[in-house]
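J.: Have a look at this one before I ask anything.
Nothing in this text is a laboratory measurement; each read-out follows from the coordinates by a stated rule. Predicted model, so just to flag it, every value in this text is computed and none were measured. Using ideal geometry, Cβ is built from the backbone for each residue, glycine included, and neighbour counts are taken over all protein chains shown.
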Amino acid sequence: MSFREAYNLVSKQAVRWFPGHMGRGLKQMEQKLRSVDCIVEVHDVRIPFSGRNPEFKHTISGGAKPHILVLNKKDLTETREQRKIAKELQEREGIEHVVFTNCKDQQCLGVKRVVPLAHKLISTSDRYNRTGVQDASIMIIGVPNVGKSSLLNVLRNKNLRKKSATQVGNTAGVTRSVLERIKISEFPLIYMIDTPGILEPRIADDEMGMKLALLGCLPDHLVGEELIADYMLYWMNKHRRFEYVKEVGLENPTDSIAEVLMTYAKGLGAERKLRTFDGQIVNVPNTLVAAQRLIKNFRSGQFGGVNLDR
Ligand SMILES: Nc1nc2c(ncn2[C@@H]2O[C@H](COP(=O)(O)OP(=O)(O)OP(=O)(O)O)[C@@H](O)[C@H]2O)c(=O)[nH]1
Ligand SMILES: [Mg+2]
C-alpha cells in the first residue's frame with residue numbers, strides 16, 4: 001500500500017495566528033528583559049527541531065543571558081531519543097542546556113534539574129555580579145500550549161509546597177499577558193515570570209504550521225479540525241504507524257481522511273442533520289466530531305509516543 005510522501009496544503013492560505021495579545025506580550029517581554037537573569041524556553045518535545053519562534057532568538061542572544069531549553073511533555077514522545085535530540089540541538093543550533101520534562105509528574109528528574117541548573121548558570125554569568133542583588137528572575141518563554149505555566153506551577157508546588165499560581169489549560173492562548181514574577185524557590189531565592197505563548201506572525205513553512213496545529217499550539221477551529229486530522233493521518237501513514245486503524249474501526253490503513261472520518265463517525269454514532277436539496281432533513285455522519293475525537297486521541301498519546309520531526 002502506498003501513502004503520501006509529502007504534505008501540501010491545498011488552500012493557499014498559510015497557517016497563521018497572531019492575535020493582539022501576542023504583539024503586546026512580546027513588547028512587555030522586551031521591557032522586562034533587563035531585570036531577567038535567565039531565559040527558560042519551553043517547547044513541545046514532539047517537535048524538537050521545529051516550530052520554535054525565531055523571534056525569540058533575539059530575546060535570547062540579545063542580552064547574552066543564560067538560556068535553558070526545556071523540552072516538555074516527554075511522556076508523549078518516544079523517550080529513547082532524548083540523548084540523540086540533545087546532541088543534535090547542540091550541533092545544529094549551539095543549544096547547550098536541554099532538559100526533558102514531564103510537568104504532570106512531580107518526581108520527574110528533568111523538572112528537578114531546572115532550578116539547580118538555572119541557579120548555576122546565573123551564578124556564573126556576568127550579569128549576576130551586579131552588586132547587592134540577592135534574588136534572581138527567570139523568564140519563561142515559548143509558543144502557545146507547550147506547558148510554560150505548568151512548569152512554573154510544578155516548580156512552585158515542588159520547591160515551596162505552595163499551590164499553583166498561574167492558569168493552565170489545554171487550549172492555546174491561556175496566558176494572555178506577561179505576569180508579575182512568581183516565587184518558585186526560597187533557597188536560592190528565585191522568581192519566575194510567566195508569559196503568553198507567542199508564534200511568529202507568519203508561519204512560512206506550511207508543514208511546520210500543521211505540526212504546530214496538530215499539537216494544539218493554535219486554536220483548532222482556526223486551522224480546521226478535519227485538516228488537522230488529515231495531517232495526522234498523513235504523518236502516521238508515512239511513518240507506518242497504524243495505531244489509528246483499530247480505534248477508527250477500519251479494516252486496513254488508508255490515506256483517505258474522508259474514509260477515516262466517515263467510518264469513525266459511524267462507529268461513534270455521531271450524526272448531524274442535513275437538509276437535502278428537496279427540503280428533507282436527513283441524518284449524516286458527523287465528521288467534525290470524529291475529527292475532534294481523533295486529534296484528541298493523538299494528542300493524549302493514545303496512538304503512542306511521537307516525534308513529528310523524525
Ligand atoms: N501530557 C502532558 N501534558 C502536559 C505537560 N505539561 C503541560 N501539559 C498540558 O498541556 C496543556 C498546556 O499547558 P499550559 O501550561 O497551559 O501551557 P502554556 O505554554 O502555558 O500555554 P499558553 O499560556 O496558552 O501559551 C495543559 O493541558 C497541561 O495540562 C506534560 O509534561 N505532559
Ligand atoms: Mg500559559
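J.: Would you kindly compute the Cα radius of gyration of segment 20-193 and its largest Cα-Cα separation (Dmax), both in Å?
T.: My reading of the Cα-based Rg and Dmax gives 15.2, 45 Å.
J.: Just need the Rg to Rh number for segment 264-306, please, alpha carbons only, Kirkwood Rh. Mind showing how you got there, number by number?
T.: Working: Rg = 14.2 Å, Rh = 11.7 Å.
Here the Rg-to-Rh quotient is 1.21.
J.: Compute the Kirkwood hydrodynamic radius of the chain, taking the inverse of the mean of 1/r over all pairs of distinct Cα atoms, and give it in Å to one decimal.
T.: Computed over Cα pairs of the chain, the Kirkwood hydrodynamic radius comes out at 20.9 Å.
J.: If each of His21 and Phe187 carries a label point 7 Å out from its Cα toward its Cβ, how far apart are those two points in nm?
T.: 3.8
J.: If Lys and Arg each add +1 and Asp and Glu each add -1, what is the summed charge of the other residues whose beta carbon sits under 12 Å from the beta carbon of Asp230?
T.: -3
J.: Another question, if that's okay. Distance from a point 7 Å along Cα→Cβ of Glu243 to each backbone N in segment 258-302: keep the residues under 17 Å and list them by number.
T.: Only 293-302 pass the distance filter.
J.: Chymotrypsin sites (Phe, Trp or Tyr not before Pro) within segment 179-243: which are DSSP loop residues with at most 16 other Cβ atoms inside 10 Å?
T.: Answer in residue order: Phe242.
J.: 7 Å from Cα along Cα→Cβ at both Ala258 and Leu33: what's the point-to-point distance in nm?
T.: 5.0
J.: Based on the alpha-carbon gyration tensor of segment 224-299, what equivalent-ellipsoid semi-axes (square roots of 5 times the eigenvalues) come out, in whole Å, largest first?
T.: Largest first, segment 224-299 gives 25, 12, 11 Å.
J.: To continue, here is another question. Ranked highest first by average number of other Cβ atoms within 10 Å, how do 295-307, 143-155 line up?
T.: By packing density, highest mean first, the sequence is 143-155, 295-307.
J.: Please list, by residue number, every one of the GluC sites (Glu not before Pro) in segment 152-255 that is coil in DSSP and has at most 14 other beta-carbon atoms within 10 Å.
T.: Within segment 152-255, the qualifying GluC sites (Glu not before Pro) (loop, at most 14 other Cβ atoms within 10 Å) are Glu180, Glu186, Glu251.
J.: Further question: Among bridges DSSP assigns within the chain, what percent are antiparallel (round to 5)? Spell out each step's value before the answer.
T.: Values: 8 of 25 bridges.
The antiparallel proportion sits near 30 percent.
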